[in-house]
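Just so it is clear, none of the values below were taken in a lab; they were calculated from the coordinates. It should be emphasised that the depicted structure is a prediction, and the values quoted were computed from it without experimental measurement. Quick reminder, even Gly has a Cβ in these numbers, built from the backbone with ideal geometry, and neighbours come from all protein chains shown.
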Amino acid sequence: MSIITDQDYQAKYSEYSFRGKRKDEEIILVLRRHWIVLIFHLVPIVFVLIGIVLLDVLASGVIEFFQLNVDPVFMSLIESFLFLIFWLGLFIVWIDYYLDVWIVTTQRVIDVNQSGLFSRQISELEHGKIQDVTSEVKGLIPTFFRFGYVYIQTAGEKARFVFKQVSNPVRVRDIIMQLQKYSILREKRLEGEIMRGKI
């Protein structure tokens with residue numbers, strides 16, 4: 001079954017798999033936030049690293065200038081603690097970026113939302129329950145790098161699915177709408193066959 005005309009999408013994710021994948025379902029898209037968003041989230045972490053280095057240089061200068069008697073082991077302990085905070089911050093930013101993922105298959109949309117290290121929420125939506133799909137690109141940087149939001153209005157428990165800062169949101173919207181139309185046509189065809197007594 002080939003519903004999406006762009007073969008690049010299907011070839012790209014043909015080897016990709018995830019827990020709970022159905023036997024007869026193909027992965028169309030695996031989406032994460034645009035890479036530029038990761039860079040913006042890393043900027044504060046880089047400033048923390050610069051601050052640690054500056055603090056080390058300034059502390060050494062102050063200790064030498066005032067000829068203070070500070071235990072080197074204590075200074076090493078402080079530096080190690082600050083570097084631990086830096087690496088932990090870096091790890092949290094990466095985990096939040098990498099584990100926030102949206103998967104679009106031939107049957108459903110799966111939203112995996114990672115919040116921090118120990119909180120994860122997974123929601124899924126069958127294509128037949130999609131009511132409307134909207135894409136939004138707002139601002140200079142998102143327009144230049146072609147990333148934005150995709151909003152999926154649903155008839156299910158979760159009223160709205162949001163794909164945050166994904167690449168090429170217009171194309172993503174078109175693919176999801178195409179899958180939704182295909183799902184509705186398939187359901188109508190099945191209902192027709194049931195009514196005619198073929199099933």
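Neighbour counting of Cβ atoms within 10 Å sorts the residues 102, 35, fewest neighbours leading, into 35, 102.
In segment 144-195, inverting the average of 1/r over every pair of distinct C-alpha atoms gives 12.8 Å as the Kirkwood radius.
Measuring against 21 Å, Cα to Cα, the residue pairs 21/164; 21/129; 129/188 contain 21/164 as the ones spanning a longer distance.
Amide H contacts for residue 26 (H built 1.01 Å from N in the peptide plane; partners 5 or more residues away or on another chain; cut-off under 5 Å): 106, 107.
Using Cβ counts within 10 Å as a stand-in for footprinting exposure, how do 36, 175 rank, fewest first?
Listing 36, 175 from fewest to most nearby Cβ atoms yields 36, 175.
Considering only 21, 164, 181, give the residue with the highest GNM mean-square fluctuation for the chain, with springs between Cα atoms whenever their separation is below 10 Å. Largest GNM mean-square fluctuation: 21.
With a cut-off of 8 Å between alpha carbons and a minimum separation of six or more residues, what is the relative contact order of the chain in percent?
20
Which residue, 43, 137, 104, tops the fluctuation ranking in a GNM of the chain built on C-alpha contacts under 10 Å? Evaluated over the chain, the most mobile residue of the options is 43. Each of [x] 1.20; [y] 0.95; [z] 1.06 is a candidate for Rg/Rh (Cα atoms, Kirkwood Rh); the one calculated from this structure is [x]. Net charge of the neighbourhood of residue 165, taken over other residues with C-beta under 13 Å away and scored Lys/Arg +1, Asp/Glu -1, is +2. Calculated mean residue ellipticity, 222 nm, the chain: -17000 deg cm²/dmol, from DSSP H runs (n ≥ 4) at -39500 (n - 2.57) each, averaged per residue and rounded to 500. Scattering from segment 38-95 was approximated by placing one identical point on each alpha carbon and applying the Debye formula without solvent; log10 I(q)/I(0) at 0.16, 0.19 1/Å stands at -0.57, -0.71.
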